[in-house]
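J.: Mind having a look at this structure? Questions to follow.
Please treat every number below as a calculation from the coordinates, not as lab data. This one's a predicted model, so the numbers in the text were calculated from it and none came from an experiment. With ideal geometry, Cβ positions are generated from the backbone for all residues, glycine too; neighbour counts draw on all protein chains shown.
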Amino acid sequence: MKKIINTIIAIIILTAITFFSHKSYSSAKKLEKINTSYYKAQTDIGKLIKRRFSSILSTLSMGMLESKNSNKVNLNELKAKKIVLKEKNKKYTIYLAISATILLLSYFILDITTFSFTVALASLITLLYGIITPILMIVIHKNVNYLGDIVLSFESKTIIGTIEHLYNNANYPIAIVILLFSVIVPLLKTISMIAVLIWKEFHIAKKLVTLFKHLGKWSMLDVFVVSLLLVYLSAGSSENSYSEIESGLYIFLIYVILSIITSIGVNKVLSFKNISEA
């Protein structure tokens, strides 16, 4: 009976983590589209001149010749949508963090094997969503006389998108390093821990444990590489550029914490197994 209750609790927590990870991802992608439309509208010089001319005309005529500016209306609509989506994305990311916290607190309820397996699956889920969700938004703008603030470029970067961008621009060493230590090694590490928990009773588990120990030496390189990635993306920030951390970074951070806890849990499971066999 206790095992069934533990399984139900684990499934509920995993479902919540999957649900809020997906919601955070989907709202971040929708926000990325809105931001793209919003900032792209501010790169059109023709529309900027027209909007500025309408504003000057309205001022000189004291509002008598004020005309409806559809571009301005669209910008206001996009800005309103952006604010709503940003709040939703923030809310889902907070709910994800709360779900992950509840998972960690379930250590006091679940048996060590169920707990470790649940955390391992949660770390895999957050890793997958973490690498495809935008982690940083960068806007480069310049104030031009008579036209106001003009957006020169806008980018919203994911880890996978950054790797593709670096590869397409022939920055192969950096692309390979980020791919290896932010995607491949974390995936191998997490999958190996899940495999150890599934096949701990079989002989193959010993080989997986050895692999797991070797991968454990690289446990913090994913954090280091993502930190370097953020520095690389935000390099050159000045009064003419603006950068903002997005939910993908927080999802990846949750993965890192869960991955560390998984490592501790797997070691405990293996220790208990060795003691019971002795």
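J.: Compute the length gained on full extension between ILE94 and ILE12: take 0.36 nm times their separation in residues and subtract their Cα-Cα distance, giving the result in nm to one decimal.
T.: That works out to 27.8 nm of additional length.
J.: Rounded to the nearest 0.05, what FRET efficiency is calculated for LEU105 and LYS33 with R0 set to 41 Å and r the Cβ-Cβ distance?
T.: 0.70
J.: Given LYS91/LYS189; LYS40/LYS88; LYS33/LYS81; LYS90/LYS189; LYS157/LYS189; LYS40/LYS79, which pairs have Cα atoms separated by over 20 Å?
T.: Working: LYS91/LYS189 30 Å; LYS40/LYS88 23 Å; LYS33/LYS81 11 Å; LYS90/LYS189 29 Å; LYS157/LYS189 25 Å; LYS40/LYS79 13 Å.
Pairs exceeding 20 Å: LYS91/LYS189; LYS40/LYS88; LYS90/LYS189; LYS157/LYS189.
J.: Go through 98-105, 178-185, 74-81 and give me the packing order, highest mean Cβ count within 10 Å leading.
T.: Order by mean packing, descending: 178-185, 98-105, 74-81.
J.: A further question follows. When ranked by the protection proxy of mean other Cβ atoms within 10 Å per residue, highest first, what sequence do the peptides 188-196, 123-131 form?
T.: Answer by packing, highest mean first, reads 123-131, 188-196.
J.: Sticking with this one: Report the calculated FRET efficiency for LYS3 and ILE184 (r = Cβ-Cβ distance, R0 = 41 Å), to the nearest 0.05.
T.: Efficiency at R0 = 41 Å is approximately 0.70.
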